[in-house]
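Undergrad: Attaching a single structure in structure tokens format; questions to follow.
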Amino acid sequence: MDGGKFFGAFRASSGITDAVVLNHVPVGCNWGAAIFKTTSNQFDMRHACTVMHEREIVFGGEDALREALIRADELYDTPILLVIAGDAPSIIGDDVGAVVNSVTLDAEVMWMEAAGFKGSMRDGYEEALTHLAGLMNESDMIENSVNLIGFSPDDFKVDADVKEIKRLLRDAGVEVNSVISKCSLEQFKKAPAAELNVVLGQGSKLAEHMKIEFGVPYLEMEYPYGLEGTTQLTSAISEELGTGHEPEFDIEPFKKVYLYLHELYGTPVSIIGDFHAEAMANFLNWELGFNVEVSARNVDDYFEFEEGVRNSNTTILFGSSFEQNIARTLDIPLIRFCYPVFDNVCVYDDAPYAGFRGAVCLTEAIINTVMSYG
Amino acid sequence: MRKFCVYGKGGIGKSTIVSNIAAALAENGETIMVMGCDPKSDMTRNLVGKRLPTVLDLFRTEGPDRMKLDDVVFKGFNGVHCIEAGGPEPGVGCAGRGVITAVDMLDRIGVFDDIKPDTVIYDVLGDVVCGGFAMPLRQGLADDVYIVTTCDPMAIYAANNICKCIKRFADRGAVTLGGIIYNGRSVVDEPSIIDGFAARLGTKVLGRVPMSILIPRAELHRKTVIEYVPDSEIADTFRYLATAICENEDRVMPDPLSDDELDGINEEIEVLLREREETGSNLTGDV
Ligand SMILES: Nc1ncnc2c1ncn2[C@@H]1O[C@H](COP(=O)(O)OP(=O)(O)OP(=O)(O)O)[C@@H](O)[C@H]1O
Ligand SMILES: [Mg+2]
């Protein structure tokens, strides 16, 4: 299930951690975007909405938007308001740009058009980031530094994963300049200071844009799940930057559960998700030796995915909270690893799924799920 | 309850015809209700003598819950109950959604149950530009449709499009075509062409409204001709038309013409036009 362009733009924008996102949409879209974000961080309420109702649809939403802009500017102490115009204003043709230009506010305002029906969540993410790149400043290059591109603030395990990747890179002599999109406006603006952009799964349009605009080269990598995925990431970055670092990892924790892992060899599993799914499937397949029966992306036909899983021997499902139903129907466990996760929290930022530590945590989670199920 | 709607190209005479037949029907002591489904909201002007506050005006200022029947239904000439749906300012919002909202609102405040009209007439914006303006074509709102056309290619083309729209809703067991109303205010006033067009659609012409200077004159006084010149021939024309529609029992699912067939009609009109220009005869017929 794909959230459409609006969700992608919302996720990219709310990744500017001190920005306030003003959604110009009916209440339902706003609620959906908000709830997926606040599950694991209930203080993060940096978003407002014009709450378009029937009246705004019939008479146009421009007045409501103007009022919301003024109020948001009063209520929030923020350097920037990011207005995202979703489906409804796009259908009825609200002139969002004109409204934005008609008000003078304390906060900087940037707006973007992101009608859900005009593209996938991925498209929305890519376009929003490229649009936001207009905020970036030419900066002096910081040697051996990288930007990590592809994150959203509501990704499951995002804090822990970023922390782990930063740790690994620091060990390799590489500093992380900006995490996109999960950084302050200041950090976002100085992204061009990085020596290299590392695209983890999505955000390649921004990387391409930054290459042309600021001359920052980029590397496209898979999301670093497992020992292999992690090693590939750190090696590629070291090589690109010429830091000459050899990654080392600790397989001690895996030895402790070797017998379980041995038993689980060949377990049939299925997986669905955004770009994370591809990397996860590789980890499950190559490192744990599972049999990946059905591997699907969000944009694929969901019905087909369900049919595929039903007609397979799948005993563990990997996905998002949306897969609850099918997991329940088939009476198999679901391991949530991918957006949106709204029925689990992840608040501990030292239990990642990415990186070496992530490989341990994931393995632990999988074994425990299997042992306690049924 | 008899319910029908009047469609037709923009500026073709829909509002004139609806307001006049409403006034005519009301002469017989029946309870008549008219609803203008056009953001211009000008149909009831000739019945009430002024522009009315619209359903959507109220929806906008008061919200849906505080709306009362008396705020949106006004009695006009001969006691005709007049309603204007209203809509957004030109260039903003979604007028089609407005029609849907207005109809919903009227339903909510129970207009039909309260007034119990014998006849309800809808006057709908010129071209059926989107789903909202097809709202009166759905079952329950109207029984049948009457299309106004002059003898102009573009008006005929629009009428044909409306027939396509009626047909689209056909499988939902909805509204049918009641007939064509011919307005003689045409480039060439040739009723036989419209008779032929109607026949091909599978229907007939229910009435002919000649070009008449009394219509704009009455309009200047914000009146229907029924009120302004009750004893005139043109007033009688509207009376006949009103009766013809109310008594009409022939309803059909129209068979819209192909582009080639429409081109054929276009040529007929062109030939006539050239002939009349050559003979210098009155193009639009006698006033
Ligand atoms: N038979 C006629 N003789 C003289 N004038 C006419 C005749 N029919 C219509 N008119 C004039 O044409 C103008 C347009 O008519 P009217 O407003 O009824 O059209 P309409 O189809 O309701 O237009 P719209 O689509 O804009 O609502 C009016 O000023 C009206 O007085
Ligand atoms: Mg009109």
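The values are calculated or read from the model by the stated rules, or taken from the named source; none is laboratory data. Please read these numbers as outputs of a predicted model, since none were measured by experiment. FYI the Cβ positions are ideal-geometry reconstructions off the backbone, even for glycines, and counts take in every protein chain you see. The accessibility values were calculated without ligands, DNA or RNA, using every heavy atom of the protein model including side chains. Shrake-Rupley method; radii C 1.70, N 1.55, O 1.52, S 1.80 Å.
Undergrad: Which helices (runs of 4 or more DSSP H) sit wholly inside segment A:157-265 and have at least 1 residues that are touching a Pro at 6+ places or on another chain (Cβ under 6 Å)?
TA: Those helices (runs of 4 or more DSSP H) span A:158-171, A:185-189, A:204-214, A:226-241.
Undergrad: Within segment B:205-221, can you find the residues that are part of a helix (DSSP H, G or I) and within 16 Å of ligand 2 (Cβ to nearest atom)?
TA: If the condition is that a residue be part of a helix (DSSP H, G or I) and within 16 Å of ligand 2 (Cβ to nearest atom), then B:Ile215, B:Pro216, B:Ala218, B:Glu219 are the ones that fit.
Undergrad: Any idea which of (1) open to solvent by less than 30 Å² (accessible area, probe 1.4 Å); (2) away from ligand 2 (no atom under 14 Å from the Cβ) is the one B:Asn28 doesn't satisfy?
TA: With respect to (1) open to solvent by less than 30 Å² (accessible area, probe 1.4 Å); (2) away from ligand 2 (no atom under 14 Å from the Cβ), B:Asn28 is out only on (1).
Undergrad: Let me ask something additional. Could you list, in sequence order, all residues of segment B:21-39 that are part of a loop (DSSP other than H, G, I, E, B) and within 12 Å of ligand 1 (Cβ to nearest atom)?
TA: Result: B:Asp38, B:Pro39.
Undergrad: Within segment B:83-100, can one find any residue that is touching a residue at least 60 places away in the same chain (Cβ under 8 Å) and away from chain A (no Cβ under 14 Å)?
TA: No, segment B:83-100 contains no residue that is touching a residue at least 60 places away in the same chain (Cβ under 8 Å) and away from chain A (no Cβ under 14 Å).
Undergrad: Oh, and also: Counting only residues that are within 14 Å of another protein chain (Cβ to nearest Cβ), give me the helices (runs of 4 or more DSSP H) lying completely in segment A:27-92 with at least 3 of them.
TA: So the answer is A:54-59, A:62-75, A:87-92.
Undergrad: So is A:Asp2 closer than 30 Å to A:Ala277 by Cα, at pLDDT below 95 and within 14 Å of chain B (Cβ to nearest Cβ) or not?
TA: So A:Asp2 fails the test.
Undergrad: Hey, another quick one. Could you tell me how many of the residues in segment B:39-51 are closer than 20 Å to B:Gly96 by Cα and either crowded, with 24+ Cβ neighbours inside 10 Å or aromatic (Phe, Trp, Tyr) (or both)?
TA: Residues meeting the conditions: 2.
Undergrad: I need a count of the residues in segment B:157-204 that are closer than 21 Å to B:Val129 by Cα, within 16 Å of ligand 1 (Cβ to nearest atom), more than 16 Å from the chain's Cα centre (by Cα) and not in a helix (DSSP H, G or I).
TA: 0
Undergrad: Which of the residues belonging to segment A:302-350 are under 14 Å from A:Ser40 (Cβ atoms) and not aromatic (Phe, Trp, Tyr)?
TA: Of everything in segment A:302-350, those that are under 14 Å from A:Ser40 (Cβ atoms) and not aromatic (Phe, Trp, Tyr) turn out to be A:Ser320, A:Ser321, A:Arg336, A:Cys338, A:Pro340, A:Val341, A:Asp343, A:Asn344, A:Val345, A:Cys346, A:Val347, A:Asp349.
Undergrad: Any chance segment A:299-310 includes a residue that's in a loop (DSSP other than H, G, I, E, B) and on the phi > 0 side of the Ramachandran plot?
TA: Within segment A:299-310, none of the residues are in a loop (DSSP other than H, G, I, E, B) and on the phi > 0 side of the Ramachandran plot.
Undergrad: Kindly indicate whether any position in segment A:133-151 is in the same structural domain as A:Thr38 (by TED's automatic domain parsing), under 21 Å from the mean Cα position of the chain (by Cα) and among the aromatic types (Phe, Trp, Tyr).
TA: no
Undergrad: Can you name the condition, by its number, that B:Val18 falls short on among (1) open to solvent by less than 30 Å² (accessible area, probe 1.4 Å); (2) more than 9 Å from ligand 1 (Cβ to nearest atom)?
TA: Just one mismatch for B:Val18, condition (2).
Undergrad: Between a first residue in segment B:44-64 that is more than 14 Å from every other protein chain (Cβ to nearest Cβ) and a second residue that is exposed (fewer than 14 other Cβ atoms within 10 Å of the Cβ), which pairs have beta carbons less than 7 Å apart while being 6 or more apart in sequence or on different chains?
TA: Correct list of pairs: B:Arg45/B:Arg51.
Undergrad: Right, another one. Among the candidates B:Pro53, B:Pro39, single out the residue that is under 19 Å from B:Ser15 (Cα atoms) and within 16 Å of ligand 2 (Cβ to nearest atom).
TA: B:Pro39
Undergrad: Among residues belonging to segment A:28-83 that are of a type in the set (Lys, Arg) and more than 27 Å from the chain's Cα centre (by Cα), point out the one that is most open to solvent (accessible area, probe 1.4 Å).
TA: Filtering first and then ranking leaves A:Arg71.
Undergrad: Considering only segment B:65-77, I want to know if a residue exists there that is surrounded by 15 or more Cβ atoms within 10 Å (Cβ to Cβ) and basic (Lys, Arg).
TA: no
Undergrad: Still on this model: Please find, among A:Val158, A:Val103, A:Val99, A:Val162, the residue that is over 22 Å from A:Asn197 (Cβ atoms), of a type outside the set (Ser, Thr, Tyr) and buried (at least 21 other Cβ atoms within 10 Å of the Cβ).
TA: Only one candidate qualifies: A:Val99.
Undergrad: Six or more apart or on different chains, Cβ atoms under 6 Å: show the pairs whose first residue is in segment A:161-187 and farther than 18 Å from A:Arg357 by Cα and whose second is small (Gly, Ala, Ser) and in a strand (DSSP E or B).
TA: Matching pairs, first to second residue: A:Glu175/A:Ser145; A:Asn177/A:Ser145; A:Gln187/A:Ser178.
Undergrad: If you don't mind, another one. Which number in (1) away from chain B (no Cβ under 14 Å); (2) open to solvent by less than 20 Å² (accessible area, probe 1.4 Å); (3) touching a strand residue (DSSP E or B) at 6+ places or on another chain (Cβ under 8 Å) marks the one condition that A:Glu113 misses?
TA: The number of the failed condition is (2).
Undergrad: I need the full set of residues from segment B:95-126 which are away from ligand 2 (no atom under 16 Å from the Cβ), in a loop (DSSP other than H, G, I, E, B) and either of a type outside the set (Val, Ile, Thr) or within 18 Å of the chain's Cα centre (by Cα) (or both), in order please.
TA: Passing the criteria: B:Gly110, B:Lys116, B:Pro117, B:Asp118.
Undergrad: Taking segment A:354-374 on its own, how many of its residues are outside any helix (DSSP H, G or I), in contact (Cβ under 8 Å) with a residue 12 or more places away in the chain and open to solvent by 20 Å² or more (accessible area, probe 1.4 Å)?
TA: 1
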